[in-house]
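The values are calculated or read from the model by the stated rules, or taken from the named source; none is laboratory data. The structure displayed is predicted, hence computed values, not measured ones. Reconstructed Cβ throughout: ideal geometry from the backbone, glycine too, with neighbour counts over all protein chains shown. Keep in mind that these areas ignore ligands, DNA and RNA; they rest on the heavy atoms of the full protein, side chains included. Shrake-Rupley method; radii C 1.70, N 1.55, O 1.52, S 1.80 Å.
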Amino acid sequence: MTTAPATTPQAAMRLRELVFGAACAAAVRAAARLGVADALGETPATVTGLAAELGTEPRQLRRLLRALTCYGLFEELDGDRFAHTEMSRLLREDAPNSLRYISLWCTEPWTWEAWPKLDEAVRSGRNVFPELFGKEFFDYLHTDGGESAKVFDRAMTTSSRQSAADFAAYLDLTGSGPAVESVVDIGGGQGHVLASLLEKHPALHGTLLDLPKVVAGADARLRPGGTFADRARLVPGDCRVDIPVLADLYIIKNILEWDDESTRRTLANVVAVARPGARVVVVENLVDDSPSMRFTTAMDLMLMLNVGGAKHSEASMVRLMTEAGLDVHEVCPVNPYLHAFEAVVRG
């Protein structure tokens, strides 16, 4: 008879904490919706004072704050006072790198209905969203999503602006390789990456390619009359169908999260239009070889649930790019969450 290894108290406690993970997410959401971080200034405040400003019950607010302190959000001091921490400041709407809307987006009401269906998605290999809500995710978001659609837009805008600055700082257009005079941002949303690059490189010309409704809401600096309008083109289109732009550099950032066939079509469209030797930079979150794996693997599971997509490993991304006709020569971190796949179109 085989004796099972003894369970350590630490393992049992950690599993208990994990299965109550929804309580942590809900607490962060509650703090963001109540505006606790915005109400708490740079000096510690009493629970009574905060509750009066927020219009909450003091006892219940204290319980919420105490739970959040366990995760490093807020700090409890003597005298029934609480103070900010580095993390809790990120919930402020006016913080330079605010994560308030990301926190709200990842805990929107639909997520609480979808997560319990994760086993079904794993078993069937299909996204569960249409079965839950009667339509595909983005159709639901823009027709029935209501406030959730606004939160999504704010979250994506915030995230895009932050990563655009990091990517512009990372990207070297002055190295020993072929000169880069033109760039196209494929599926670039509002064009924050393109605007950041045009700001940094005064001689650069760029094109933003995305769906018509998305391009219509492009960064004001790229639109007619904007700061970079004379060096920017706005091209409505679907990169999975066609990429009608000739450029020295093609950027594909955080959009290759569909099924592999859609990813293959997009990469093939780049190779079809680009000159041999043209530079291609694909930027993605990775589910391996990253200090942010807990975050990126969680996003990967959410994609499985809502759109049937997936985040990539380094190996899977290199494989798809190579199959499309790209020679990948380097994979570099852009920040703790993003990696850049540096490639050229095969001659």
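Separation between the V241 and D144 pseudo-spin-labels, each 7 Å from Cα along Cα→Cβ, expressed in nm?
2.6 nm
What percent do you get for the relative contact order of region 1-95 when only Cα pairs under 8 Å and 6+ apart count?
Once normalised by length, the contact order is 27 percent.
If I take R0 = 41 Å and measure r between the Cβ atoms of A22 and S262 in this structure, what FRET efficiency does the formula 1/(1 + (r/R0)^6) give, to the nearest 0.05?
0.85
List the GluC sites (Glu not before Pro) within region 279-338 that DSSP assigns to loop and that have no more than 15 neighbouring Cβ atoms inside 10 Å.
none
Using a 1.4 Å probe on the protein chains only, how many percent of the accessible area of region 182-293 belongs to carbon and sulfur?
Answer for region 182-293 is 55 percent, counting heavy atoms of protein chains only.
Would you mind telling me which residue in G189, G206, G175 has the biggest mean-square fluctuation in a Gaussian network model of the chain, where springs connect alpha carbons within a distance under 10 angstrom?
It is G175.
Which residue fluctuates most in the GNM of the chain (Cα springs below 10 Å): L64, L99, L208?
Per the Cα network of the chain with a 10 Å cutoff, L64 tops the list.
Spelling out what I want: for every residue of region 155-171, take phi, set θ = phi - 60°, compute 6.51 cos²θ - 1.76 cosθ + 1.60 (Karplus), and round to whole Hz; glycine and proline get x.
Per-residue couplings from phi come out as 5, 5, 5, 4, 4, 5, 4, 5, 6, 4, 5, 5, 5, 4, 5, 6, 6 Hz.
Counting heavy atoms of the protein chains only and a 1.4 Å probe, report the per residue accessible area for the chain as a whole number of Å².
52 Å²
How much accessible area does C332 have with a 1.4 Å probe, in Å² rounded to the nearest 10?
Roughly 20 Å² of C332 is accessible to a 1.4 Å probe.
Which one, [x] 21; [y] 31; [z] 38, gives percent of Cα pairs over 33 Å apart as derived from the coordinates shown?
Matching entry in [x] 21; [y] 31; [z] 38: [z].
Pairs of Cα atoms under 8 Å, at least six residues apart: use those to get the relative contact order of the chain, whole percent.
Taking the mean separation of contacting Cα pairs over the length of the chain, I get 11 percent.
From the phi of every residue in region 183-198, what ³J(HN,Hα) in whole Hz does the Karplus formula 6.51 cos²θ - 1.76 cosθ + 1.60 yield, where θ is phi - 60° and glycine or proline is x?
Taking θ as phi minus 60°, the curve returns 9, 10, 9, 8, x, x, x, 7, x, 5, 5, 4, 4, 5, 5, 5 Hz for region 183-198.
About the Cα centre of the chain, what is the dipole size in debye to 20, counting +1 per Lys and Arg Cβ and -1 per Asp and Glu Cβ, all else neutral?
300 debye
For region 55-70, take each phi angle, set θ = phi - 60°, evaluate the Karplus expression 6.51 cos²θ - 1.76 cosθ + 1.60, and give the result in whole Hz per residue in order, putting x for glycine and proline.
Once rounded to whole Hz, the list reads x, 10, 7, x, 5, 5, 5, 4, 5, 5, 5, 5, 4, 5, 4, 4.
Test of understanding: in a Gaussian network model of the chain with alpha carbons linked when under 10 Å, which of M87, M304, M321 would top the mean-square fluctuation ranking?
In the Gaussian network model the winner is M87.
DSSP beta bridges in the chain, what fraction antiparallel, as a percent rounded to 5?
50 percent
In degrees from 0 to 90, rounded to the nearest 10, what is the angle of the helix 9-19 Cα long axis to the longest principal axis of the chain?
70 degrees
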